[in-house]
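See below for the structure under consideration.
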Amino acid sequence: MKESKFIEQNKKKWVDFETMFKNKDKDPEKLSELFIEVTNDLSYARSNYPHRSIKVYLNNLANKVFTKLYKNKYGGGNKIVLFWKEKLPKVMYESRKALYLAFIVFLCAFLIGVFSSVHDPGFARHMLGDSYIDMTEEYIAEGDPMKVYKKMDHFYMFSYIALNNLVVSFRVFITGIFFGIGSIGAMISEGIRLGAFQYFFIERGLFQESFLTIWMHGAPEISSIILAGAAGMTLGGGLIFPGTYTRSEALLKGARRGIMIMLGIVPILVFAALIEGFVTRYTEVNDVVRAIIITTNFGFIIYYFVIYPYRKFHNSGDYVAFEDKIPESQMEELSFYVIRNYGEIYTNVFRIFSNNISKIIKWSAAFGVLYVISLMMIPNESIAIMFEGSNYFGRNMFDTLSVAAFKVYQLFNHSEFPILYAINPLFYAFLGTTILYHFVKNIKTPEGIDRMQLRYGEFMIRHLYKVAIYSYSYQLIFFSESIGVGVLSLIFVLPVILLFAFVGVYEDCNPFAAIDRGLKLLKSGFGIMIGYSIMIFLIDFIMNLLFNSDIIKYMLDIVLSGFDFSDSTYTLIIYGINLWVAFVSIGIFLSTAIYAAALYYFSAKERQTASSLIKRIHTLGSNKRAYGLPTED
């Protein structure tokens, strides 16, 4: 049978399915019937039209049905229950080898800490610091060795510990991107520190008291660090062992698993902080009660993250590895003209980012150099020392966090450097428009035709002023030097501004028409926009902390130590490079935010008009190109 006749015979069935699939109320039985019919059609197309567009179309259709049926199998109505009951245990089962390795690494590091403390009485002081050791020895002399947990206000201590736990765990996770080695190194550091800490009390005959006090909150806290290490090794493992995937695809798969694990340990870290802030301080509580709390915490962690996933998915029909396979339709060129939820937008943002990472860093680096030169040429001595306050090393994670945040904050310190009101929006407009140009020029119409024919210079002349208007407006109206307000504006306002900018560029309309069009698109899913904005902000925030941490200064000190610079020149170089690194890190964040706004635009537009679906159906069987492949008459 010729392809055109095959399409004519089945077109109505496929149109009916796509129409029903877009409706909120779907009949699972009807979907099951359609799945059987569509897979039969797909099998026929693969056999008879292996290089035709109809095979790609039906593969995409079958993938949608399968995904929907898989969600319905687990009662997809409650996504929170689905996550904790099915998705996270499945990810833990798939990542069980990484978890076992993480546990072994941490245990060995713990034993190294104990062994080193046994043979070197000063090792604990070296690892924990003089001030902490002196303070604890003073409390031991007073007869209250656990007094450190009673000093702070309950709520303040809970908040402080919760933030510290989150920062440490996310650091362990995100450093895994360096082929998993970073996570292993972070766990070794934490394990040795814990071993030295525990032996410090053992050496003084306080094992029972220290164990029953510290491990009430330590059980979930330390377990979370090990889980974060497993998530980090899962993240970086794809770069070392990509299998049949490309390294970027394997990295995306590992990132998806790792992030799910991290989402799973967040409430555990908060729970650990609750215990440390409100329970641990009561050392007079009966030892049996404290032992029960410790046993219960360890029991829950071991059962939920190890035993339950193994029982549920090992040799079980509930285990479906389909989600781990990159569908054939996704192996093709990314299709923009589809409806996506916030999770799919998030995943595809980093897929686009991974494909353009070298260009993004190149553009950000180039504009960053011009940005630094511009600031240094301003006749204002204070500009040259914008980063003087960050010229130190932190002893703990909060110092490192403060240094990294301070570096980025200085780029927006308008009260001290008013010139930034003029310079920042201009440079970010240039960088944003450049990112938009390289993104839009690769977008094709549903028929496979290039969407844009403009050269870079022509594109900048036509669209730079629009992006600049939005850039200046955002900074003058919405941006605040208050950290809390600034974060809220980045999550809730910046995505909207970038949506307006993308509409103005892609639809080639004036800024006011773009705002009107963008507001209409927001009606189709503002919640989806906030969902992916939060996820992207968190990941980019962590990456910015790493990018701007004092590790950069440490590396610069090593590189520049071989040159004979004067003190003033050396200081100026350090500050200039710090300024440049901060700009590049913000450029990376801006690129991901722009990609997310673009994907939201296509999704919201398709949700409202279904224009791409209508065009695809009308072109099936005609003498045109669909999905980039030729069709028959």
Expressed in nanometres to one decimal, the distance between label points 7 Å along Cα→Cβ at Ile307 and Phe241 is 2.7
Between the modelled labels at Thr295 and Lys523 (7 Å from Cα along Cα→Cβ) the distance in nm is 6.1
Estimated inter-spin distance, Asp153 and Ile133, nm [label 7 Å along Cα→Cβ]:
3.4
Once the piece of chain linking Val266 and Asp16 is laid out straight, how much longer is it, given 0.36 nm per residue of separation minus the C-alpha distance between them?
85.7 nm
If I stretch the segment between Val118 and Ile491 completely, what's the gain in nm (0.36 nm per residue apart, minus their alpha carbon distance), one decimal?
129.3 nm
Here the FRET efficiency for Leu476 versus Lys362, based on Cβ atoms and R0 = 30 Å and rounded to 0.05, is 0.50
Taking placed amide H atoms and a strict 5 Å upper bound, the residues 5 or more places from Gly180 or on another chain that come that close are Gly236
Take each of the peptides 87-94, 215-222, 37-44, average the number of other beta-carbon atoms within 10 Å over its residues, and list them starting from the highest.
215-222, 87-94, 37-44
Assuming R0 = 41 Å, what is the FRET efficiency of Lys2 and Asn355, from their Cβ-Cβ distance, to the nearest 0.05?
0.65
Region 191-213 scanned against label point 7 Å out from His126 along Cα→C-beta; backbone N under 14 Å for 192-193, 196-197
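Each value in this text was obtained by applying a stated rule to the coordinates, not by laboratory testing. Being a predicted model, the structure only gives us computed values, none of them experimental. Note: ideal-geometry Cβ built from the backbone for every residue, glycine included; neighbour counts use all protein chains shown.
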